[in-house]
Amino acid sequence: MAQAEFDNQAFRQALGSFTTGVTIITATAPDGTPVGLTANSFNSVSLDPPLVLWSLAKTSLSVEAFNKAEHWNVHVLSQHQQDLSNTFASRGEDKFSGIELEDGISDAPLIPACSARFQCRNTVTHDGGDHLIFIGEVVDFDQQALPPLVFQQGQYAMTARKPWEEVALSAQPAAPECSYNEDLLGYLLGRSHFQMLYRMRKVLDEQALEDSHFFALSVMNIQHQLTIEELNTHLDYTGHSIGEADVKFLVAQELIKELDNDVYQLTPTGRETSLHHIAQAKAIEEELIAELGSGDVMALKLMLKRLIHKTDPGLPDLWSEQGAK
Ligand SMILES: Cc1cc2nc3c(=O)[nH]c(=O)nc-3n(C[C@H](O)[C@H](O)[C@H](O)COP(=O)(O)O)c2cc1C
């Protein structure tokens, strides 16, 4: 392609299709100042000898420090380190403030709580257009079971694994003429919701509580004082509501009590019951994390939050002080 036709913007965008992890690379300048930047140009080069590479823009403020550094450290960031990634992707601020650095094999700063870290001795530096390419020998490395941060098309992302054996729900594929199939999103969401609730329902059954009571106690655990009308605005989208008979039942069970002006709140027993429900919900989630892996569960939550935003019928904000939009 002739140089005049080369579209830099489109080139950058096409490169963004190559999904990468996110690293922070650190070194120490000759005057002892720690330097570091966010980089996704990191890659493996060789297993024997163990070599890795990354590239640094020649416009970087730390170019001189890296050029002179004998050692640099690569930190493969975990999902929880997105803010750190942003800090190290900005110029000129004190990027290391508040970080408790660990001791490594060299003077290069070593950041804790990463998915993996590679402590490297620089072996060769190549010119690479507007970047410098650093190749380093890995002298030491470590890894933690923390899901990695991902970068794709200019945005942070999460990865979910694709274990095929878990993806087909039935050995019998649905007949082609069948109007429902196991890939229908509503079916998948509904089924997973009811399967999660099924475990919880055993606890509810022991307490003779219906789903609507469980939902009501959960809302009152967050929004402490509510009229029944306000409570029902939070429940409306579930298809459940609390009627007079339910209020009587919950009061008789000493789970809620009436204050002035038709306002209700949980009793100490109600609060304890609700805390028991939360503990059960957390135990179910912990088991799921053990089964699916924390990275996949985080990716699932991310997608569910996006879906909730897109399908919100205009619910009052459950998590705000007043429960109002
Ligand atoms: C996800 C991501 C990946 C990046 N990858 C690189 C890279 O590989 N090389 C590079 O020089 N800059 C990269 N940058 C940009 C630098 O982090 C940014 O220019 C930083 O301000 C450089 O800091 P410095 O000038 O203090 O060295 C990346 C930024 C982000 C957000």
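Conditions (1) open to solvent by 80 Å² or more (accessible area, probe 1.4 Å); (2) within 17 Å of residue 288 (Cβ to Cβ), marked per residue:
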| site | (1), (2) |
| --- | --- |
| 170 | no, no |
| 182 | no, no |
| 196 | yes, yes |
| 205 | yes, no |
| 209 | no, no |
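Of all residues in the range 195-235, those being touching a helix residue (DSSP H, G or I) at 6+ places or on another chain (Cβ under 9 Å), among the β-branched types (Val, Ile, Thr) and within 15 Å of residue 257 (Cα to Cα) number 2.
All conditions in (1) in a strand (DSSP E or B); (2) over 31 Å from the mean Cα position of the chain (by Cα) hold for residue 138, with the sole exception of (2).
Against the test of being open to solvent by less than 40 Å² (accessible area, probe 1.4 Å) and in contact with a Ser or Thr (Cβ under 7 Å, 6 or more places away or on another chain), the options 250, 231, 217 yield a single qualifying residue, 217.
One line per residue, one yes/no per condition, for (1) more than 24 Å from residue 315 (Cβ to Cβ); (2) out of contact with any strand residue (DSSP E or B) (no Cβ under 6 Å at 6 or more places or on another chain); (3) at pLDDT below 95; (4) not charged (D, E, K, R):
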site: 207; (1), (2), (3), (4): yes, yes, yes, yes
site: 224; (1), (2), (3), (4): no, no, yes, yes
site: 228; (1), (2), (3), (4): no, yes, no, yes
site: 231; (1), (2), (3), (4): no, yes, no, yes
site: 246; (1), (2), (3), (4): no, yes, no, no
site: 250; (1), (2), (3), (4): no, no, no, yes
site: 270; (1), (2), (3), (4): no, no, no, yes
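Got at least one residue in the range 237-246 being farther than 25 Å from residue 293 by Cα, of a type outside the set (A, V, I, L, M, F, W, C), assigned to a helix (DSSP H, G or I) and more than 29 Å from the chain's Cα centre (by Cα)? Outline the logic, then answer.
Of the range 237-246, the ones farther than 25 Å from residue 293 by Cα are 237-246.
Now narrow it down to the ones that are of a type outside the set (A, V, I, L, M, F, W, C): 237-241, 243-244, 246.
Add one more test, that the residue is assigned to a helix (DSSP H, G or I), and what stays is 237-238, 244, 246.
If we keep only those that are more than 29 Å from the chain's Cα centre (by Cα) too, we end up with 244, 246.
Yes - at least one qualifying residue is present in the range 237-246.
Got at least one residue in the range 125-132 being open to solvent by 70 Å² or more (accessible area, probe 1.4 Å), within 11 Å of the ligand (Cβ to nearest atom) and in the same structural domain as residue 51 (by TED's automatic domain parsing)? The answer is yes, given that some residue of the range 125-132 is open to solvent by 70 Å² or more (accessible area, probe 1.4 Å), within 11 Å of the ligand (Cβ to nearest atom) and in the same structural domain as residue 51 (by TED's automatic domain parsing). Of the numbered criteria (1) under 30 Å from residue 79 (Cβ atoms); (2) aliphatic (A, V, I, L, M); (3) out of contact with any Pro (no Cβ under 8 Å at 6 or more places or on another chain), the one residue 251 fails is (1). None of 116, 108 is open to solvent by less than 10 Å² (accessible area, probe 1.4 Å), away from the ligand (no atom under 14 Å from the Cβ) and in the same structural domain as residue 28 (by TED's automatic domain parsing) except 108.
The values are calculated or read from the model by the stated rules, or taken from the named source; none is laboratory data. From a predicted model like this one, the values you see are computed outputs, not experimental measurements. Here Cβ is always computed from backbone atoms with ideal geometry, including for glycine, and neighbour counts include all displayed protein chains. Ligands, DNA and RNA are stripped out before the accessible areas are found, and what is left, the full protein with its side chains, is counted by its heavy atoms. Shrake-Rupley method; radii C 1.70, N 1.55, O 1.52, S 1.80 Å.
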